[in-house]
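Below: the structure, in structure tokens.
The values are calculated or read from the model by the stated rules, or taken from the named source; none is laboratory data. Because the structure is predicted, anything quoted here is derived from the model rather than measured. Backbone-built Cβ (ideal geometry, glycine too); neighbour counts: all protein chains shown. With ligands, DNA and RNA removed, areas are computed over all heavy atoms of the protein, side chains included. Shrake-Rupley method; radii C 1.70, N 1.55, O 1.52, S 1.80 Å.
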Amino acid sequence: MSLVQDSPFLPLCPSGCRNHVVRRGLYTRSSDKKTIQRFLCRSCKKSFSSATFEPCFRQKRRDINPHLFRLLTGGFSQRRSALDLQINRKTVVRKFIFLGLWAAKLSSALNQNHPPAETIEFDDLETSEHTKCKPLSVTLAVEFHSRRILGFRVAQMPAKGLLSHLAKKKYGPRPDERTKKRKELFQEIKSLVAPTALIKSDENPHYAPDVSKHFQGCHHQRFKGKRGCVTGQGELKKIGFDPLFSLNHTCAMMRANINRLFRRTWCTTKKKERLALHIALYALRHNQDLILKKPKMKTAKTI
Ligand SMILES: [Zn+2]
């Protein structure tokens, strides 16, 4: 039974009419055999049901949403998910977009329930859309120790090194959105960070002005970047203590669980918006299932 049905108050008409709503029978939804209450608005004569207000309204295969969520956040590609769930690839795409938008909204709401983070770490993870000539940068912020993902942004950036000349010749000039997106991210996570928090990052010269602007009163600690332990695995550091372990470990988990971020794979991102949706899906799974449920109250001062 839905919340609306159990409520002593009748729901308001979706068309915006006030009062004059009456119950008008029940029906059994074919997709999950659930009994749904139908209502009639006496003002506009339109009928609606308690399902009208649900996020999965008008979906025919709401039963596969949880399965698809687990597959897409567990290293499966969209095509393999379609094959395993025996659904059409286009259904997967539609559901992927729906789930991604839902996850982004839910993650930000759930993050508000946590106490403000005392120590955070942030850095950029690099990937590409379609070809390495069109690289993307994912700015990620995580809470120290618990590894909870606070937020992220996907930004376009121009190709670097040997590919820069070829990329410009083939695809023309490419805008660098990293600064803009980093500012957007800082603005978004401002409310999730304590006013006197410790913010850790690498020695990128662009970070300091943005941090001091958005996190006044916070201490910004910068560390020198270290080499990766295996070629191509920049997130897992070679030896010794990694001062940005929470962030690097989260990036490594993202690379292990988001199919399009795997190293040396034929899966790739075609649209940066879809990469953002996929990371939003993973961030929800990560924060809900894959990290410590009750983080110890350990701060940087104790290490
Ligand atoms: Zn009405």
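Report, by residue number, each residue of the stretch 163-199 that is part of a helix (DSSP H, G or I) and among the small types (Gly, Ala, Ser).
Within the stretch 163-199, Ser164, Ala167, Ser191 meet the criteria.
Of all residues in the stretch 178-206 being polar (S, T, N, Q) and closer than 20 Å to Arg147 by Cβ, which is least open to solvent (accessible area, probe 1.4 Å)?
Among them, the one singled out is Ser201.
Under 7 Å by Cβ, and 6 or more places apart or on different chains, what pairs join a residue from the stretch 75-90 that is in contact (Cβ under 8 Å) with a residue 24 or more places away in the chain with one that is part of a loop (DSSP other than H, G, I, E, B)?
Pairs found: Ser77/Cys267; Ile87/Arg61.
Among the numbered conditions (1) open to solvent by 90 Å² or more (accessible area, probe 1.4 Å); (2) more than 16 Å from the ligand (Cβ to nearest atom), tell me where Asp63 comes up short.
(1)
For the stretch 129-142, state whether one or more residues are small (Gly, Ala, Ser) and open to solvent by less than 20 Å² (accessible area, probe 1.4 Å).
Yes, there is a match, as at least one residue in the stretch 129-142 is small (Gly, Ala, Ser) and open to solvent by less than 20 Å² (accessible area, probe 1.4 Å).
Going by the conditions given, is Phe122 under 16 Å from the mean Cα position of the chain (by Cα), of a type in the set (Phe, Trp, Tyr) and either in a loop (DSSP other than H, G, I, E, B) or assigned by TED's automatic domain parsing to the domain that holds Ala197 (or both)?
Yes; evaluated as a whole, the condition is true for this residue.
What's the number of the only condition in (1) away from the ligand (no atom under 16 Å from the Cβ); (2) part of a helix (DSSP H, G or I) that Thr52 fails to meet?
Checking Thr52 against (1) away from the ligand (no atom under 16 Å from the Cβ); (2) part of a helix (DSSP H, G or I), the one that fails is (1).
Give the residues of the stretch 19-47 that are assigned to a loop (DSSP other than H, G, I, E, B) and more than 9 Å from the ligand (Cβ to nearest atom), sorted by residue number.
Asn19, Arg29, Ser30, Ser31, Asp32, Lys33, Lys34
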